[in-house]
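The values are calculated or read from the model by the stated rules, or taken from the named source; none is laboratory data. All values derive from a computational prediction rather than experimental measurement. Cβ: placed from backbone, ideal geometry, glycine included. Neighbour counts: every protein chain shown.
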């Protein structure tokens, strides 16, 4: 899976902080959403498909751990 560059992360953070200057909680929610959207884009997936892929990977990890 492709990962975000420091530059991408800094830009997302700066843009969201400017958009919601006095609301850190709302900033965090929007930053998280933008990060997921950018990672989906880098992986050539829609936002929804990327979330489903993450869910599948986590489910597979939990199955492996439970088998031990």
Can you say whether residue 45 is modelled with pLDDT under 95, touching a helix residue (DSSP H, G or I) at 6+ places or on another chain (Cβ under 9 Å) and not in a helix (DSSP H, G or I), as far as the supplied structure shows? no
Suppose the filter is more than 22 Å from residue 11 (Cβ to Cβ), in contact with a helix residue (DSSP H, G or I) (Cβ under 9 Å, 6 or more places away or on another chain) and surrounded by 13 or more Cβ atoms within 10 Å (Cβ to Cβ); does residue 54 pass it? yes
Assigned to a helix (DSSP H, G or I), surrounded by fewer than 15 Cβ atoms within 10 Å (Cβ to Cβ) and free of Cβ contacts under 8 Å to residues at least 24 places away in the same chain: does that describe residue 40? no
Could you grab me the full set of residues in region 1-16 that are under 15 Å from residue 29 (Cα atoms) and within 14 Å of the chain's Cα centre (by Cα)? 9, 12, 13
